[in-house]
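All remarks here apply to the structure that follows.
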Amino acid sequence: MLAIRGATTIEDNEKKYIKESTIELIDTMIKKNNLTIDKIISIVFSCTKDITKDYPGKYLREVLGLTNTAIMHFNEMEVEKEKYLPLCIRVLVLYDSPKADVKDIYPIYLKGATNLRPDLKRL
């Protein structure tokens, strides 16, 4: 099994931005990692507390057809004295694959979230 991380930010707390950014993030993860939708086991989202208008996973079901994939949503932790990245959607995709070679996994960080892991700028 592979675990693939990613994150993005949205322009504003509106449904259209949640949808656009979520689809862009997951679509990029699928393409860059050569994933097959049927082999996605589950997806876990965490969002900052300022994202309240909708669930990102809702759009994966509607647009990408991930109807048999377990999708969960959580609030992102707020850690004291840490730099806060507003309007951020983070994701963990669990994928059924016999390969587990870390060099074959491409975490995807888009928009303002690229600052979360500058060491991973590989796109």
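Observations
- Listed pairs Lys16/Lys111; Lys49/Lys83; Lys58/Lys83; Lys83/Lys111; Lys31/Lys83 exceeding 26 Å between Cα atoms: Lys58/Lys83; Lys31/Lys83
- Packing-based order for 53-59, 65-71, using average beta carbon neighbours within 10 Å, highest first: 53-59, 65-71
- Charge dipole (Cα centre; +1 on Lys/Arg Cβ, -1 on Asp/Glu Cβ; no other charges) of the chain amounts to roughly 260 debye.
- The sum of -39500 (n - 2.57) across all DSSP H runs of n ≥ 4, divided by the residue count of the chain, sets its helix-only mean residue ellipticity at 222 nm to -7000 deg cm²/dmol.
- Computed extension length for Asp12-Tyr55: 14.1 nm, one decimal, from 0.36 nm per residue of separation with the Cα-Cα distance subtracted.
- For the stretch 44-100, a/c is not less than 1.5, where a ≥ b ≥ c are the root eigenvalues of the C-alpha gyration tensor, and a/b does not top b/c. That puts it in the oblate class.
- Farthest toward positive dipole pole in the chain [+1 Lys/Arg, -1 Asp/Glu at C-beta], among Leu60, Gly6, Met72: Gly6
- Charges were assigned to the Cβ only: +1 to each Lys and Arg, -1 to each Asp and Glu. The resulting dipole of the stretch 5-54 about its Cα centre is roughly 220 debye.
- Leu64-Asp27 pseudo-label distance in nm [points 7 Å out on the Cα-to-Cβ vector]: 1.1 nm
- As an equivalent ellipsoid, the chain spans semi-axes of 22, 18, 13 angstrom, where each value is the square root of five times an eigenvalue of the C-alpha gyration tensor, largest first.
- In order along the stretch 25-41, the phi-based Karplus estimate (6.51 cos²θ - 1.76 cosθ + 1.60, θ = phi - 60°) of 3J(HN,Hα) comes to 5, 5, 4, 5, 4, 4, 5, 5, 9, 6, 8, 9, 3, 5, 9, 6, 7 Hz; Gly and Pro are listed as x.
- Note on the chain: antiparallel DSSP beta bridges, both residues inside, total approximately 65 percent of the bridges counted.
- For peptides 28-36, 104-112, sequence by mean Cβ density within 10 Å, most packed first: 104-112, 28-36
Each value in this text was obtained by applying a stated rule to the coordinates, not by laboratory testing. Note that this is a predicted model, so its numbers are computed, not measured. As a convention, Cβ positions derive from the backbone with ideal geometry for all residues, glycine included, and neighbour counts pool all protein chains shown.
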